[in-house]
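Written below as C-alpha cells is the structure these notes are about.
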Amino acid sequence: MDYFAHETAVIDDNCKIYKGTKIWHFSHVMSNCKIGERCNLGQNVVVSPDVVLGNNVKVQNNVSIYTGVVCEDDVFLGPSMVFTNVINPRSAVNRKNEYLKTIVKKGASIGANATIVCGNDIGEYAFIGAGAVVTKEIPAYALVVGNPSKQIGWVSEYGHRLHFDENGLATCKESGDRYELKNGKVEQRRINQ
C-alpha cells in the first residue's frame with residue numbers, strides 16, 4: 001500500500017487510492033472510488049460508491065461525499081459540510097437512478113457546515129463560506145455566503161479578497177498575480193512564474 005489507512009477505517013473492494021493519501025479513524029471508502037495522491041480524509045468521513053477525488057484533496061472530519069460528486073485537485077472540504085445527490089428525496093421512493101452530478105473544480109474551498117445542493121457545480125478557486133447553502137452554480141473565484149448562498153465578492157487562488165479597480169483589474173497582495181473581471185467572470189493573468 002502506498003497510502004495510509006487507520007486500523008478503524010473501512011475500505012471496500014475495487015477502490016483506487018493513490019500514493020501519499022491518508023484515511024483516518026472510522027472513515028469508510030465505498031466501492032469503485034478513486035482517490036488521488038496526497039489526499040487527507042479526516043475522522044468519520046464517508047466516501048460513497050463511484051466518487052472521484054483528485055490529488056491533494058483535504059476532507060475534514062464528519063464529511064459525507066455522496067455518489068455523483070467529483071472533486072478536482074486541491075479542493076478543501078470543511079468540517080461537517082455536506083453534499084446531496086437527489087433533488088427531492090423520499091424515504092419510500094428509490095431514486096438511485098436520479099443522482100445528479102456535482103463537480104467541485106480545482107482549488108475550490110467549502111467551509112464548515114456548508115450544504116451543496118446536488119447539480120450545482122462549484123467553479124475553480126471559489127470560496128464557499130461556513131454554513132452557506134449552495135442552490136445554484138458558483139462561478140470561478142466567487143466568494144459566497146448565507147442561506148441561500150449569495151455572492152459577496154471575489155477571491156484569489158490564495159483565498160484573499162480581490163478588489164477590482166475601475167478597469168476591472170485586481171492584484172493579489174500575497175502572490176502579485178493579476179486578475180481581470182470581464183463580463184461577470186474572473187480570469188487570472190499570472191505574472192509571477
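Only the coordinates and a few stated rules stand behind these numbers; no lab work does. Fair warning: this is a prediction, and the values are worked out from it, not measured in the lab. We place every Cβ from the backbone using ideal geometry, glycine too, and count neighbours over all the protein chains shown.
Worth pointing out:
- Look at the alpha carbon pairs under 8 Å that are at least 6 residues apart: their mean separation over the length of the stretch 4-155 gives a relative contact order of 13 percent.
- Pairs beyond 27 Å (Cα-Cα), from K58/K150; K150/K182; K19/K185; K34/K150; K19/K96; K22/K101: K19/K185; K34/K150; K19/K96
- In the stretch 98-127, the chymotrypsin sites (Phe, Trp or Tyr not before Pro) that fall in loop regions by DSSP, at most 13 other Cβ within 10 Å: none
- Rounded to whole Å, the principal axis extents of the Cα atoms in the stretch 1-44 read 20, 19, 14, largest first.
- Choice from G20, G78, G36 with maximal GNM fluctuation in the chain (Cα, 10 Å cutoff): G20
- Panel values: the stretch 86-193, Kirkwood radius from alpha carbon pairs, Stokes-Einstein at 4 °C and 1.567 mPa s, translational diffusion coefficient 87 µm²/s.
- Computed over neighbours whose Cβ is under 11 Å from that of N85, the net charge equals +1, Lys and Arg +1, Asp and Glu -1.
- Max mean-square fluctuation residue, GNM over the chain, Cα-Cα springs under 10 Å, options E37, E124, E174: E174
- Whether the stretch 4-133 is rounded, prolate or oblate, judged on the alpha carbon gyration tensor where a/c under 1.5 counts as rounded: oblate
- Mean shadow area of the stretch 73-144 over all directions, Cα convex hull, nm²: 4.7 nm²
- Take the Cα of L100, go 7 Å toward its beta carbon, and none of the backbone nitrogen atoms of the stretch 61-82 fall under 12 Å from that spot.
- Highest-fluctuation residue, D165, D73, D12 considered, GNM on the chain with Cα pairs under 10 Å: D165
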